[in-house]
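Colleague: The structure follows.
The values are calculated or read from the model by the stated rules, or taken from the named source; none is laboratory data. Because the structure is predicted, anything quoted here is derived from the model rather than measured. Cβ: placed from backbone, ideal geometry, glycine included. Neighbour counts: every protein chain shown.
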Amino acid sequence: MATYRYRSLDPVPFAVPKKPVRDCRVALVSTGAVQTQGQEPFDQRIRGGDPSFREIPADVEVQALLIAHRSDAFDQTGFLSDRNLGSPLDRLRELAALGEIGPLNGRHLSFLGSITAPGRLIRDTAPAAARLLVQDGVDVALLVPV
């Protein structure tokens, strides 16, 4: 990690919600490489990291999610014990039930973390994922970096 050339974003992309968060449709975007049973696994053989993403249904049982995230800089112990640490859907469900946030989107997205060659992700995959969320009418995407 000491020799990794980190990219910087300037300015950092950010949009202010146009309405109160309690009225916003919310999607979760995780870099924890979570996936459901039966989904194609993230390809660990792709040099620089698999830029694809997985759609996670809103009604998924969080503790049943599989974790494909691998990094020398990440201890998975807590995440394996409680998937909500990297994919906090149960916490979002609680906030929605309390009326603190609007409804949850019907799907959430999961990416592989620790992508060291993010060119394809930035150019192709992230815009495709963003288009899905826009089509779904998502107002707020909560990014959970792992």
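Colleague: Of Gly78, Gly102, Gly49, Gly38, which residue is touching a helix residue (DSSP H, G or I) at 6+ places or on another chain (Cβ under 9 Å) and more than 30 Å from Tyr6 (Cα to Cα)? If you could, list the steps in order and put the result at the bottom.
Modeller: Details: Gly78 fails: more than 30 Å from Tyr6 (Cα to Cα); Gly49 fails: more than 30 Å from Tyr6 (Cα to Cα); Gly38 fails: touching a helix residue (DSSP H, G or I) at 6+ places or on another chain (Cβ under 9 Å).
That would be Gly102, the only listed residue that is touching a helix residue (DSSP H, G or I) at 6+ places or on another chain (Cβ under 9 Å) and more than 30 Å from Tyr6 (Cα to Cα).
Colleague: Check the range 119-128 and report whether any residue there is among the small types (Gly, Ala, Ser) and in contact with a Gly (Cβ under 9 Å, 6 or more places away or on another chain).
Modeller: Checked the range 119-128: at least one residue is among the small types (Gly, Ala, Ser) and in contact with a Gly (Cβ under 9 Å, 6 or more places away or on another chain).
Colleague: Considering only the range 58-67, how many residues are touching a residue at least 24 places away in the same chain (Cβ under 8 Å) and either β-branched (Val, Ile, Thr) or surrounded by fewer than 13 Cβ atoms within 10 Å (Cβ to Cβ) (or both)?
Modeller: 4
Colleague: I'm trying to understand the selection: among the residues of the range 37-56, which are out of contact with any Lys or Arg (no Cβ under 6 Å at 6 or more places or on another chain) and either among the acidic types (Asp, Glu) or in contact (Cβ under 8 Å) with a residue 40 or more places away in the chain (or both)? Please lay out each step first, then the result.
Modeller: As a first pass, look at the range 37-56 and keep what is out of contact with any Lys or Arg (no Cβ under 6 Å at 6 or more places or on another chain): 37-38, 40-50, 52-54, 56.
Listed by number, the residues that qualify are Glu40, Phe42, Asp43, Arg47, Gly48, Gly49, Asp50, Ser52, Phe53, Arg54, Ile56.
Colleague: Do we have Glu55 as among the acidic types (Asp, Glu), surrounded by 12 or more Cβ atoms within 10 Å (Cβ to Cβ), under 16 Å from the mean Cα position of the chain (by Cα) and under 24 Å from Gly137 (Cα atoms) here?
Modeller: yes
Colleague: Checking Arg91 against (1) in contact (Cβ under 8 Å) with a residue 24 or more places away in the chain; (2) closer than 20 Å to Asp139 by Cα, only one condition comes out false. Which one?
Modeller: Exception for Arg91: condition (1).
Colleague: If Phe111 passes every condition in (1) in contact with a strand residue (DSSP E or B) (Cβ under 8 Å, 6 or more places away or on another chain); (2) under 27 Å from Pro20 (Cβ atoms); (3) at pLDDT 95 or above but one, which one does it miss?
Modeller: (2)
Colleague: Any idea which of Arg5, Arg54, Arg45 is among the charged types (D, E, K, R) and at pLDDT 95 or above? Steps first, answer last, please.
Modeller: On the way: Arg5 fails: at pLDDT 95 or above; Arg45 fails: at pLDDT 95 or above.
Result: Arg54 is the single residue among Arg5, Arg54, Arg45 that is among the charged types (D, E, K, R) and at pLDDT 95 or above.
Colleague: Could I ask something else about it? Considering each residue of the range 32-52, count those that are assigned to a loop (DSSP other than H, G, I, E, B), among the aliphatic types (A, V, I, L, M) and surrounded by 15 or more Cβ atoms within 10 Å (Cβ to Cβ), and give that number. Explain how you work it out, then say what you get.
Modeller: Within the range 32-52, the first condition is being assigned to a loop (DSSP other than H, G, I, E, B), and the residues that meet it are 32-33, 36-52.
The next check asks that each one be among the aliphatic types (A, V, I, L, M); those that pass are 33, 46.
Still in the running and surrounded by 15 or more Cβ atoms within 10 Å (Cβ to Cβ): 33.
Counting residues in the range 32-52 that are assigned to a loop (DSSP other than H, G, I, E, B), among the aliphatic types (A, V, I, L, M) and surrounded by 15 or more Cβ atoms within 10 Å (Cβ to Cβ) gives 1.
Colleague: Let me ask you something else. Test of understanding: among Ser110, Ser114, which residue is touching a residue at least 60 places away in the same chain (Cβ under 8 Å) and under 11 Å from the mean Cα position of the chain (by Cα)?
Modeller: Every option except Ser110 fails the conditions.
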